[in-house]
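K.L.:
So that we are looking at the same thing, I have put the structure below in structure tokens.
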Amino acid sequence: MSVTESIHIDGEWRTAAGGGTRDVLDPADATTLAVVAEGDAKDTDAAIAAARRAFDEGTWPHTATAERAALLRRVADLLQRDREEIALIESRDTGKTLEEGRVDVDDVTAAFRYFADLVVNETGRVVDAGDPDVHSVVVHEPVGVCAMITPWNYPLLQASWKVAPALAAGNTFVIKPSEVTPMSTVHLVKLLAEAGLPAGVANLVTGAGDPVGARLSEHPDVDLVSFTGGLASGTKVAQAAAPGVKKVALELGGKNPNVVFADACATDEGFDTAVDQALNAAFIHSGQVCSAGARLIIEASVKDRFVAELAERARKIRLGRGTADGVECGPLVSRQQLEKTEGYVASAREEGATVVCGGARPEPSEVRPAEGYFYLPTVLDDCHRGMRVIREETFGPILTVETFTTEDEAVALANDTDYGLAGGVFSGDTARARRVAARLRHGTVWINDFHPYLPQAEWGGFGKSGVGRELGPHGLAEYRETKHVYENLRPTPVRWFAG
Ligand code: NAD
């Protein structure tokens, strides 16, 4: 298989300077999908230099906002033109179903359009200084060279939540996708060039976290690092960026509670909705979602009935290759993730959890090759706060069950985590649902729903789930410096110093 020129520097596609390559695997059968360039620190330095030149000497930072917005809209159109192709790339690379891939493309298109609209509206402001001799304005300017480091679960989406606002604001950038799933980012960068972005503004280096991500985080010519990924890598990024006092945005993991009150299950319809949503919260994309509702925190009186129905439905989830017809859930992304999942289930068993369903790899079938990284949706009952599976993000198809009897207890359990990314509350009592939502220490709280997000609304975490926000006005502000220009209309000596 020939090597894909997956490194993009100063408008040119190339292989790695050092000749390194990496096989990108199909998680459904472990075959090689593509061989891409494995960049190193030398490629990274070249990409940063190109982004630096494009920022310091190029036209993009000074291009009129309306023109930058128009480019973003062209990118959105191109994403829609290539919708099927990109969905297929994403499905084969990550294992997710084709339909999930299509949803990702649509979400990303909406994000490009949103930031195009936002940037022309989020203008600076004239400040009333209260002095007729002073003219004062606050304006926004791009931050400079941005480094973007993304994970493997939503490669196109995570890239776009950074790329769209960064470009809208007039920055240049170097992006490093996860080495496990680089293909949709390569396609996205091709679309940026096709839409007319000047050479050097968007640069891409494929390769490992260390050296490529590490170099991006520490390099003195990088002004901002925006990272999405796990807590361990995010901490290293923050440490590497600290000596240069770079701006750092971190979107990290989560251990997300789904709190279900008995009153949500009072009617058959309510019960069915709460079970269905709990299933979706935990098992979509095999639980490889930062906001996965992996902790079911349920009122004790309805637990047995709820868990029995949930397990019944979890057993029916059709697992298989994401591109196969009728498949509802794909494999885990890599052997490493599969083994990690097995490790969590083993440790939960040792710590006293009851495996209600799953807890093993499935039997191979026509749509589930034996070499694929499949794992059955797993429900673990009898879990408690002390367990590793409750405290750590498993990032696999594992749903744990804990019970409560009072509202206070439910809130205490839901907040008992180092993370704070997202959580859900299901209740038939609106006042209670809102009371609980107000007390949850999580960046997104869903009431009677789980997972939806809006490009207009900020996304990010409390606690160890991160620093900063993506999407919404705050998501654009991350990529802008704010400058106050104070103008004296009647300059005279100050005479602070007498001599
Ligand atoms: P990861 O931390 O292993 O890798 C993320 C990225 O960081 C990859 O590109 C990787 O190559 C790079 N990296 C690794 N070591 C690095 C280093 N020392 N310096 C710089 N970069 C380095 O995470 P992952 O396994 O790819 O993704 C899963 C994690 O991402 C989960 O914890 C998940 O919760 C998190 N995530 C968070 C969000 C969010 O919005 N908060 C969204 C998606 C995923």
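The values are calculated or read from the model by the stated rules, or taken from the named source; none is laboratory data. Treat the numbers as computed from the prediction; the structure is a model and nothing was measured. All Cβ positions, even for glycine, are placed from backbone atoms using ideal geometry, and neighbour counts span all protein chains on display. These area figures cover heavy atoms from the full protein model, side chains too; ligands, DNA and RNA do not enter into them. Shrake-Rupley method; radii C 1.70, N 1.55, O 1.52, S 1.80 Å.
K.L.:
Longest span of the chain, sites excluded, free of chymotrypsin sites (Phe, Trp or Tyr not before Pro) in DSSP loop with at most 11 other C-beta atoms within 10 Å?
P.N.:
Working: sites that count: 496, 497.
Answer - 1-495.
K.L.:
If the cut-off is a Cα-Cα distance under 22 Å, which lysines reach residue 316, setting aside same-chain residues fewer than 8 apart in sequence?
P.N.:
Filter leaves 96, 303.
K.L.:
If you don't mind, another one. Taking H placed 1.01 Å from N in the peptide plane, check which residues at least 5 places from residue 33 or on another chain put their amide H under 5 Å from its amide H.
P.N.:
Result for residue 33 returns 24, 25, 26.
K.L.:
Tally Lys/Arg at +1 and Asp/Glu at -1 over every other residue whose Cβ is under 10 Å from the Cβ of residue 169; what's the total? Present the calculation step by step, with values, prior to reporting the outcome.
P.N.:
Values: positive: 68, 480; negative: 122, 141, 478, 481.
Neighbourhood net charge equals -2.
K.L.:
Here's another thing I want to ask about it. Probe radius 1.4 Å, ligands and nucleic acids left out: which of 38, 309, 5, 269 has the largest accessible area, and how do the rest follow?
P.N.:
269, 5, 309, 38
K.L.:
State, as an integer percentage, the relative contact order of the chain based on alpha-carbon contacts under 8 Å between residues 6 or more apart.
P.N.:
On the way: 1165 pairs, mean separation 87.2, N = 499.
About 17 percent, as a whole number.
K.L.:
In addition: If Rh is defined by the Kirkwood formula over all Cα pairs and Rg also comes from Cα, what ratio Rg/Rh do you get for the range 3-252? Display every interim value, and only then the final one.
P.N.:
Working: Rg = 18.3 Å, Rh = 18.4 Å.
My calculation of the ratio gives 1.00.
K.L.:
Ignoring ligands, DNA and RNA, please state the percent of accessible area on the range 11-100 from carbon and sulfur, probe 1.4 Å. Write out the running numbers ahead of the final one.
P.N.:
Details: 1910 of 3870 Å².
Ligands and nucleic acids excluded, carbon and sulfur reach 49 percent.
K.L.:
Just the accessible area per residue of the chain, please: how many Å² with a 1.4 Å probe? Could the numbers behind the result be given before it?
P.N.:
On the way: 20290 Å² over 499 residues.
That works out to 41 Å² per residue.
K.L.:
Projecting each Cα onto the charge dipole of the range 257-447 (Lys/Arg +1, Asp/Glu -1 at the beta carbon, about the Cα centre), which of 337, 359, 379 comes out farthest on the positive side?
P.N.:
337
K.L.:
Any chance you could give the angle, 0 to 90 degrees and rounded to 10, that helix 65-81 forms with the longest Cα principal axis of the chain?
P.N.:
30 degrees
K.L.:
From the phi of every residue in the range 121-133, what ³J(HN,Hα) in whole Hz does the Karplus formula 6.51 cos²θ - 1.76 cosθ + 1.60 yield, where θ is phi - 60° and glycine or proline is x?
P.N.:
Values per residue, Gly and Pro as x: 9, 7, 8, x, 8, 8, 9, 7, 6, x, 9, x, 8 Hz.
K.L.:
Report the net charge of residues surrounding residue 24, where surrounding means a beta-carbon distance below 10 angstrom and charges are Lys +1, Arg +1, Asp -1, Glu -1.
P.N.:
On the way: positive: 22, 92; negative: 23, 26, 93, 179.
Computed value for this residue: -2.
K.L.:
Please state the charge dipole magnitude for the chain, taken about the Cα centre, from unit charges on C-beta atoms (+1 on K and R, -1 on D and E), reported in debye and rounded to the nearest 20.
P.N.:
Details: 50 positive and 72 negative charges, 176 e Å.
Around 840 debye, computed over the chain.
K.L.:
Continuing with the same structure: Of 286, 39, 138, which is farthest along the charge dipole of the chain in the positive direction, counting Lys and Arg as +1 and Asp and Glu as -1 at C-beta?
P.N.:
It is 138, whose Cα lies furthest towards the positive end.
K.L.:
Let's see if you can work this out: charge +1 on each Lys and Arg Cβ, -1 on each Asp and Glu Cβ, no other charges. What is the dipole magnitude of the range 257-447 about its Cα centre, in debye to the nearest 20? Before the final figure, lay out each step's value.
P.N.:
Working: 21 positive and 29 negative charges, 91 e Å.
Charge dipole, the range 257-447, about its Cα centre: 440 debye, nearest 20.
K.L.:
Which of rounded, prolate or oblate describes the range 96-161 when judged by the alpha-carbon gyration tensor and an a/c cut-off of 1.5? Don't jump to the answer; show the numbers that get you there.
P.N.:
Details: a/c = 5.93, a/b = 2.75, b/c = 2.16.
Prolate shape, in that a/c is at least 1.5 and a/b is the bigger ratio.
K.L.:
Continuing with the same structure: Be a star and scan the range 324-352 for residues whose amide nitrogen sits under 12 Å from the point 7 Å along the Cα-to-Cβ vector of residue 366.
P.N.:
Under cut-off, by backbone N: 325-326.
K.L.:
DSSP beta bridges in the chain, what fraction antiparallel, as a percent rounded to 5?
P.N.:
Values: 28 of 68 bridges.
About 40 percent, rounded to the nearest 5.
K.L.:
Also, I was wondering about something else. Over what distance in Å are the Cα centres of the range 298-330 and the range 142-167 separated?
P.N.:
If you average the Cα positions of each part, the centres end up 33 Å apart.
K.L.:
Could you tell me the distance between the Cα centroids of the range 335-366 and the range 50-119, to the nearest Å?
P.N.:
The distance from the Cα centre of the range 335-366 to that of the range 50-119 comes to 37 Å.
K.L.:
Please list the non-local residues whose amide H lies under 5 Å from the amide H of residue 424, H modeled 1.01 Å from N, same-chain partners needing a gap of 5 or more.
P.N.:
258, 259, 446
K.L.:
Once you treat every alpha carbon in the chain as an equal point and sum by Debye, what is log10 I(q)/I(0) at q = 0.10, 0.11, 0.12 Å⁻¹?
P.N.:
-0.78, -0.93, -1.07
K.L.:
Taking residue 247 as the anchor, which lysines have their alpha carbon closer than 28 Å to its alpha carbon, excluding any fewer than eight residues away along the same chain?
P.N.:
42, 162, 176, 190, 236, 255, 464, 483
K.L.:
In vacuum, with every alpha carbon of the range 257-447 counted as one equal point scatterer, what does the Debye formula give for log10 I(q)/I(0) at q = 0.09, 0.16 Å⁻¹? Two decimals, please.
P.N.:
Scattering profile of the range 257-447, log10 relative to I(0): -0.31, -0.95.
K.L.:
Keeping every protein chain in place, order 313, 92 by accessible area at 1.4 Å, biggest value first, i.e. largest first. Intermediate values should be presented prior to the final figure.
P.N.:
On the way: 313 70, 92 110 Å².
The residues order as 92, 313, largest area first.
K.L.:
Let me ask something else. Distance from the Cα centre of the range 386-418 to that of the range 482-499, in angstrom?
P.N.:
58 Å
K.L.:
Another one. Collect residues whose amide H, placed 1.01 Å from N in the peptide plane, falls under 5 Å from the amide H of residue 21; neighbours closer than 5 in sequence don't count.
P.N.:
Distant-sequence amide H within range of residue 21: 38.
K.L.:
Now a separate question. Count charges around residue 213 for me, please; just the other residues with Cβ under 11 Å from its Cβ, Lys/Arg as +1, Asp/Glu as -1. Please report the intermediate quantities before stating the final value.
P.N.:
On the way: positive: 176, 215, 236; negative: 179, 210, 218.
Around residue 213, the charge tally is 0.
K.L.:
Let me ask something additional. Could you give the size of the charge dipole of the range 41-98 about its Cα centre, using +1 on the Cβ of each K and R and -1 on the Cβ of each D and E, expressed in debye and rounded to the nearest 20? Could the numbers behind the result be given before it?
P.N.:
Numbers: 10 positive and 11 negative charges, 24 e Å.
The calculated dipole for the range 41-98 is roughly 120 debye.
K.L.:
Something else: In whole percent, what relative contact order does the range 211-298 give with Cα contacts below 8 Å and a gap of six or more residues? Please report the intermediate quantities before stating the final value.
P.N.:
Numbers: 110 pairs, mean separation 24.0, N = 88.
It comes to 27 percent, rounded to a whole number.
K.L.:
How do 303, 464 rank by accessible surface area computed with a 1.4 Å probe, from largest to smallest?
P.N.:
My answer, sorted largest first, is 464, 303.
K.L.:
Given only helices, namely DSSP H runs of n ≥ 4 each adding -39500 (n - 2.57), what is the per-residue ellipticity at 222 nm of the chain, to the nearest 500 deg cm²/dmol? Walk me through the numbers on the way to the answer.
P.N.:
Details: 15 runs with 190 residues, N = 499.
Result for the chain: -12000 deg cm²/dmol, rounded to the nearest 500.
K.L.:
Here's something else I'd like to know. Given a 1.4 Å probe and every protein chain left where it sits, what share in percent of the accessible area of the range 257-447 is carbon and sulfur? Could the numbers behind the result be given before it?
P.N.:
Values: 3390 of 7620 Å².
It is 44 percent, rounded to a whole number.
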